[in-house]
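Encoded as structure tokens, the structure appears first; notes follow it.
The values are calculated or read from the model by the stated rules, or taken from the named source; none is laboratory data. Please read all numbers here as calculations on a predicted model, not as lab measurements. Cβ: placed from backbone, ideal geometry, glycine included. Neighbour counts: every protein chain shown. When the accessible area is computed, the model is the full protein with side chains, heavy atoms only, and any ligands, DNA or RNA have been set aside. Shrake-Rupley method; radii C 1.70, N 1.55, O 1.52, S 1.80 Å.
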Amino acid sequence: MELNTTLTRSVKVGSLPGDVPTSRDLPPAIKCHACGVTKHLGRLAECHPYRINPPTLGYHLIRMVRTLITTLLRFALRIYFKRIEVAGLEHVPIKTAVIFVLNHPNALVDPVFLLCLTPRRVSFLAKAPLFRMPVLGSLVRAMDSLPVYRRQDEGEDTTKNEETFAAARKLLAGGGTIGICPEGVSHNAPGLRPIKTGAARIALASVSTGEVPNLLIVPAGLYYTSKTHFRSSALLYFGKPIAVKPVVLQPDGSPPRDAVRELSSQIERALRDVILDAQHEEALHTIARAERIFSAETPEDESLAEELELQQRFVKAYTVLQEQAPERLYRLEVRMSRFEEELKQAGVDPDDLSPPTSTIAVFRQVFKRSVIFLLMLAPAIVGTIVHYPAYRLGGYLATKFSEDSEDVVSTIKIISAMLLFPLTWSIIAAVSYSLLGWWAALLSLLVIPLCGYVAILFFEEFDQSLGGLRALAFFLVRRRFFVRLLAERKAIKSEIISLGKETVAAAE
């Protein structure tokens, strides 16, 4: 009671940042409603957002802000990625305290997937510099994030991590969840980078002190078919959870190094099971070429998880063949190169290499798509003209600020789209209001975004239709060559699958 009275005198309740006091407003000790910590952790901009206990209007407003941000980010993901899948949700407990460990190939897009698609409220451990960035810092704090002070960030005091870990343990003790990218940094490496020990240290300390009686570490893998390209596909794959067992802590309260290393190794193995872990660029390049064959030969209803599993087997086979039978791997690569060259000469994309079911079916499909195109044409033209400047500017910004780092391209594109497209809609609405009044402004805010989405669908369908027509012409003019390419594609995929099975059998 005394603590709450002190806080009420120094902060106005119900204003923003009224219920989230600044560092000068904080008494010597204050209880954070979100994680229960009663210790002052430093400046608010660098630590967990404080909450008045019990919750007040400001706390609920912040929760509303989080919900709004999550909704907008989920919508942005669905627009940027044509196909998103979530697999392994049965491995995510509903009530137990959880630490999610996530691979980190795509900058801020990675935690957004976990934030938006996990059936739990997740708080993140994020690098401290993010908390001091304009706009982005407010968003990070609104997500209930905790700062991590890294040696590679100039001017950071790594001793503050002990306070962050204490806040994390309190959050887990309340049955909460934490998201951590144990690789430490986003990267373009073809496989998993060596992981940091922070997740293992937090987990072991939490259960060994008795603060968290039951704690699970759930590996979450992200698989992107093409992480820098608009309207590509992505998979969030949850693996089997790791139960954390208590250990005898050292006199200073930290877990033993051997136990930390052992648990970190478990986390690393679990992460490798849910990602495409190619340790060499050559392997990744070969896999990317093989993936085009997978997607072309794979039925449309096959999941991304099945595609990932197939590629994981090929990765293992590639490593074994490179060491034990390099000539067989060389023959496979030559075969794929010859297949790709023949497709290039024929002017056909692998995705379009499929025989028509019948002539009637082909013409029926052409007629159906022609009607759809005519209906979509007008709104697609409007959507393209209106949104093209923002689209091009977003691409330019991604190229300029990514500095040849592919892992941040999608982040810049999504952030710029979330800013530039609403700005475009606002300008159109303002012009409509000045010319025709409120009704025109409101109508434009409804119609213009819809036209933009129709434009996306129109060009996707148009591209597929052109590819299908090229394949049909190829089939009619050079049927024997077409059939031979189909057989060759099937044979290449069968060879890749058999290599994977042989490698697994040999390992067992």
Output for Cβ contacts, cut-off 6 Å, separation at least six or different chains, first residue in contact (Cβ under 8 Å) with a residue 12 or more places away in the chain and surrounded by fewer than 15 Cβ atoms within 10 Å (Cβ to Cβ) in the range 61-83, second polar (S, T, N, Q) and part of a strand (DSSP E or B), reads R83/S233
Do we find a residue being in contact (Cβ under 8 Å) with a residue 24 or more places away in the chain and not aromatic (F, W, Y) anywhere in the range 425-442? yes
If you check S186 against the conditions, is it over 21 Å from R121 (Cα atoms), hydroxyl-bearing (S, T, Y) and either in contact (Cβ under 8 Å) with a residue 12 or more places away in the chain or open to solvent by 10 Å² or more (accessible area, probe 1.4 Å) (or both)? yes
So which of A142, A167, A128 is touching a residue at least 24 places away in the same chain (Cβ under 8 Å), open to solvent by less than 20 Å² (accessible area, probe 1.4 Å) and in contact with an Asp or Glu (Cβ under 9 Å, 6 or more places away or on another chain)? A128
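Conditions (1) modelled with pLDDT of 95 or more; (2) hydrophobic (A, V, I, L, M, F, W, C); (3) closer than 25 Å to D110 by Cα; (4) touching a Lys or Arg at 6+ places or on another chain (Cβ under 8 Å), marked per residue:
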| position | (1), (2), (3), (4) |
| --- | --- |
| L171 | no, yes, yes, no |
| G175 | no, no, yes, yes |
| H187 | no, no, yes, yes |
| P194 | no, no, yes, no |
| G198 | no, no, yes, no |
| G210 | no, no, no, no |
Does R120 satisfy being surrounded by 14 or more Cβ atoms within 10 Å (Cβ to Cβ) and more than 25 Å from L271 (Cα to Cα)? no
Counting residues that are open to solvent by 60 Å² or more (accessible area, probe 1.4 Å) and in contact with a Leu (Cβ under 8 Å, 6 or more places away or on another chain), which helices (runs of 4 or more DSSP H) fully inside the range 393-508 reach at least 2? 409-436
Given (1) assigned to a helix (DSSP H, G or I); (2) hydrophobic (A, V, I, L, M, F, W, C); (3) over 25 Å from R83 (Cα atoms), number of the condition V247 does not satisfy: (1)
Being in contact with a Phe, Trp or Tyr (Cβ under 7 Å, 6 or more places away or on another chain) and more than 30 Å from V371 (Cα to Cα) is the requirement here; does I412 meet it? yes
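Going through L192, L204, L222 one at a time, which residue ends up being open to solvent by less than 20 Å² (accessible area, probe 1.4 Å), in a loop (DSSP other than H, G, I, E, B) and not aromatic (F, W, Y)?
L192 is the lone residue from the list that is open to solvent by less than 20 Å² (accessible area, probe 1.4 Å), in a loop (DSSP other than H, G, I, E, B) and not aromatic (F, W, Y).
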Is it the case that the range 226-236 has a residue that's touching a Leu at 6+ places or on another chain (Cβ under 6 Å), open to solvent by 30 Å² or more (accessible area, probe 1.4 Å) and closer than 24 Å to I94 by Cβ? no
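Residue by residue, here is whether (1) exposed (fewer than 14 other Cβ atoms within 10 Å of the Cβ); (2) of a type in the set (D, E); (3) over 28 Å from L476 (Cα atoms); (4) touching a Cys at 6+ places or on another chain (Cβ under 9 Å) holds:
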{"residue": "I267", "(1), (2), (3), (4)": "no, no, yes, no"}
{"residue": "E281", "(1), (2), (3), (4)": "yes, yes, yes, no"}
{"residue": "V320", "(1), (2), (3), (4)": "no, no, yes, no"}
{"residue": "P326", "(1), (2), (3), (4)": "yes, no, yes, no"}
{"residue": "P350", "(1), (2), (3), (4)": "no, no, no, no"}
L321 - would you say it is touching a Lys or Arg at 6+ places or on another chain (Cβ under 7 Å) and touching a residue at least 40 places away in the same chain (Cβ under 8 Å)? yes
Of all residues in the range 212-265, which are free of Cβ contacts under 8 Å to residues at least 24 places away in the same chain and in contact with a Ser or Thr (Cβ under 6 Å, 6 or more places away or on another chain)? S226
